[in-house]
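First up is the structure itself, then whatever we jot down about it.
Read-outs: derived from the displayed coordinates by stated rules, not from any lab. Quantities reported herein were computed from a predicted structural model and do not represent experimental measurements. In this analysis, Cβ positions are derived from the backbone assuming ideal geometry, glycine residues included, and neighbour counts consider all displayed protein chains.
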Amino acid sequence: MSDLENKVIVVTGGSQGIGAEIVRMLARHNARVVIWDVLEEKAQELCKELTQAGNECMVDAINVADEEMVKAGFEKVINAYDGIYGLVNNAGITRDNVIIRMSTDNWVQVMNINLTSMFLTSKYAVRHMLRQKEGSIVNLSSVVGLMGNIGQTNYAASKAGVIGFTKSLAKEVAGHNIRVNAIAPGFITTTMTEKIAQEIKDKFLQNIPMNRFGNCEEVANVVIFLLSSISSYITGTVINVNGGLYM
Ligand SMILES: NC(=O)c1ccc[n+]([C@@H]2O[C@H](COP(=O)([O-])OP(=O)(O)OC[C@H]3O[C@@H](n4cnc5c(N)ncnc54)[C@H](O)[C@@H]3O)[C@@H](O)[C@H]2O)c1
């Protein structure tokens with residue numbers, strides 16, 4: 001068991017996929033989980049499941065790309081719990097297309113939800129963490145941010161940006177006992193990857209040394225590790241969870 005018991009941890013995009021698995025696992029570690037997601041109904045269902053099992057949970061329908069919402073969301077968390085220990089920046093989207101067919105809107109949307117959101121959430125979270133003199137932030141990047149992918153110039157740029165952001169913020173706050181790390185998952189089976197054409201999936205499979213896609217639990221395990229003090233001397237890193245696809 002980790003030392004996350006009673007720790008207040010915000011998980012963005014926590015209503016489905018990798019985020020929902022992170023939320024469930026945090027609940028098993030007896031953390032106080034706050035789910036921020038635009039899919040409010042799904043988030044409420046998950047929260048209900050957790051509270052019925054005796055865990056503490058809170059939901060807010062926050063669009064992480066909206067600064068006012070993010071700011072107000074943290075105020076609610078602080079009012080409810082008096083502090084915040086962890087932030088998992090997991091919310092993300094894809095809007096794939098080759099560059100000549102990619103709309104500026106799809107470029108901007110992906111950058112706003114995948115990258116600008118991390119600036120917004122971290123900015124307000126760090127203000128509270130500085131006062132508490134402790135905290136851990138985990139940002140979801142992607143293998144695509146490291147190796148690139150056809151049809152994903154927007155997504156790859158946002159996820160590469162997450163890495164530069166993570167390392168810079170890690171340096172800024174390391175002296176205040178706040179750690180910032182990133183995880184770069186490979187192909188993980190979720191609704192996000194269900195949209196990918198089978199022939200592209202098959203091609204990727206040929207390049208994955210472990211010869212299979214990953215599952216949400218395998219990513220959530222690393223989130224727990226990075227949030228808890230088991231990883232107390234680790235900051236500014238990017239941990240690959242990709243079955244060997246990129247080393
Ligand atoms: N699935 C993979 O193979 C894979 C690989 C690498 C990285 N990732 C990253 O992991 C994270 C989770 O991916 P997933 O596969 O679980 O995706 P998903 O689409 O299943 O879930 C994403 C969640 O984010 C929420 N969300 C989207 N826009 C939002 C916004 N503006 N504000 C708040 N919430 C918002 C969605 O409602 C959803 O609940 C993403 O950042 C993704 O880029 C996933």
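Can you bin segment 176-239 into rounded, prolate or oblate? Criterion: square roots of the alpha carbon gyration tensor eigenvalues sorted a ≥ b ≥ c, rounded for a/c under 1.5, prolate for a/b above b/c, oblate for the rest.
Values: a/c = 2.98, a/b = 2.66, b/c = 1.12.
Cα axes put segment 176-239 in the prolate bin.
Rounded to two decimals, what is the ratio between the C-alpha radius of gyration of segment 124-247 and 2.2 N^0.38 Å?
The reported ratio for this selection is 1.14.
Return the distance in nm (one decimal) between the two label points of a simple spin-label model at Asn149 and Phe119, each offset 7 Å from Cα along Cα→Cβ.
2.4
At q = 0.10, 0.18, 0.20, 0.21 Å⁻¹, what log₁₀ I(q)/I(0) does segment 71-198 have when each alpha carbon counts as one equal point scatterer in the Debye sum?
-0.36, -0.96, -1.09, -1.16
Could you tell me what % of all Cα pairs in segment 1-55 have separations over 19 Å?
Details: 244 of 1485 pairs.
Beyond 19 Å sits 16 percent of the P(r) for segment 1-55.
What spacing in nm lies between the two simple spin-label points modelled at Val238 and Thr189, each 7 Å away from Cα in the Cβ direction?
Each label point lies 7 Å from its Cα, and together they span 2.7 nm.
Counting C-alpha atoms alone, how compact is the chain: give Rg to one decimal and Dmax as a whole number, in angstrom.
For the chain, the Cα-based Rg and Dmax read 17.2, 51 Å.
Sort Met192, Met210, Met118 so the one with the fewest other Cβ atoms within 10 Å of its own Cβ comes first. Before the final figure, lay out the partial values.
On the way: Met192 16, Met210 12, Met118 28.
Starting with the residue having the fewest Cβ neighbours, the order is Met210, Met192, Met118.
Quick one: grab the alpha carbon gyration tensor of segment 1-144, order the square roots of its eigenvalues as a ≥ b ≥ c, and give me rounded if a/c is under 1.5, else prolate or oblate depending on whether a/b is larger than b/c.
prolate
Can you compute 3J(HN,Hα) from phi for each residue in segment 229-244, using the Karplus curve 6.51 cos²θ - 1.76 cosθ + 1.60 with θ = phi - 60°, rounded to whole Hz and x for Gly and Pro?
6, 4, 9, 4, 10, 10, 8, x, 9, 10, 9, 7, 10, 9, x, x
Straight-line reach from Lys203: which lysines have a Cα under 26 Å away, not including same-chain ones fewer than 8 places off?
Within reach: Lys159, Lys195.
Mind checking the alpha-carbon convex hull of segment 108-167 and giving the volume per residue in Å³?
Numbers: hull volume 3.9 nm³, N = 60.
Spelled out: Cα convex hull of segment 108-167, divided by residues, is 65 Å³.
Could you list Tyr246, Tyr85 so that the one with the fewest beta carbons within 10 Å of its beta carbon is first and the one with the most is last?
Values: Tyr246 14, Tyr85 22.
The most exposed by this proxy come first: Tyr246, Tyr85.
Given R₀ = 51 Å, what would the calculated FRET efficiency be for Lys42 paired with Asn207, taking r from the Cβ atoms and rounding to 0.05?
On the way: r = 33 Å, r/R0 = 0.64.
So the FRET efficiency works out to roughly 0.95.
Distance from the Cα centre of segment 160-193 to that of segment 135-153, in angstrom?
With segment 160-193 and segment 135-153 each reduced to a Cα centre, they are spaced 9 Å.
At most 12 other Cβ atoms within 10 Å and a DSSP loop assignment: could you name the trypsin sites (Lys or Arg not before Pro) in segment 184-246 that fit? All intermediate terms of the calculation are to be shown ahead of the outcome.
On the way: sites: Lys195, Lys201, Lys203, Arg212; in loops: Lys195, Arg212.
For trypsin sites (Lys or Arg not before Pro) across segment 184-246 that sit outside H, G, I, E and B with at most 12 neighbouring Cβ atoms in 10 Å, the list reads Lys195, Arg212.
Would you work out the charge dipole size for segment 133-247 about its Cα centre, treating the Cβ of every Lys and Arg as +1 and the Cβ of every Asp and Glu as -1, and quote it to the nearest 20 debye? All intermediate terms of the calculation are to be shown ahead of the outcome.
Working: 9 positive and 7 negative charges, 47 e Å.
That gives a dipole near 220 debye.
Once you charge only the Cβ atoms, +1 for Lys and Arg and -1 for Asp and Glu, what is the size of the charge dipole of the chain about its Cα centre, to the nearest 20 debye? Could you put the intermediate results ahead of the total?
Numbers: 22 positive and 24 negative charges, 129 e Å.
Here the size comes out at about 620 debye.
Assuming 0.36 nm per residue, please report the length gained on full extension of the stretch Arg127 to Glu199 beyond their Cα-Cα distance.
Numbers: separation 72, 0.36 × 72 = 25.92 nm, distance 4.59 nm.
Stretched fully, the Arg127-Glu199 segment lengthens by 21.3 nm.
Pairwise over distinct Cα atoms, reciprocal of the mean inverse distance: report the Kirkwood radius of segment 73-146 in Å, one decimal place.
Details: mean 1/r = 0.0709 Å⁻¹.
Kirkwood radius, segment 73-146: 14.1 Å.
Tally Lys and Arg at +1 and Asp and Glu at -1 over the other residues with C-beta under 13 Å from the C-beta of Glu218: what net charge comes out? Walk me through the numbers on the way to the answer.
Numbers: positive: Arg212; negative: Glu21, Glu217.
Around Glu218, the charge tally is -1.
Could the peptides 176-189, 232-245 be put in order, highest first, of the mean number of other beta-carbon atoms found within 10 Å of their residues?
On the way: 176-189: 22.8, 232-245: 16.7.
Highest-to-lowest ranking by the protection proxy: 176-189, 232-245.
Relative contact order (percent) for the chain, with alpha-carbon contacts under 8 angstrom and 6 or more residues of separation?
Values: 488 pairs, mean separation 48.6, N = 247.
Normalised by residue count, the contact order of the chain is 20 percent.
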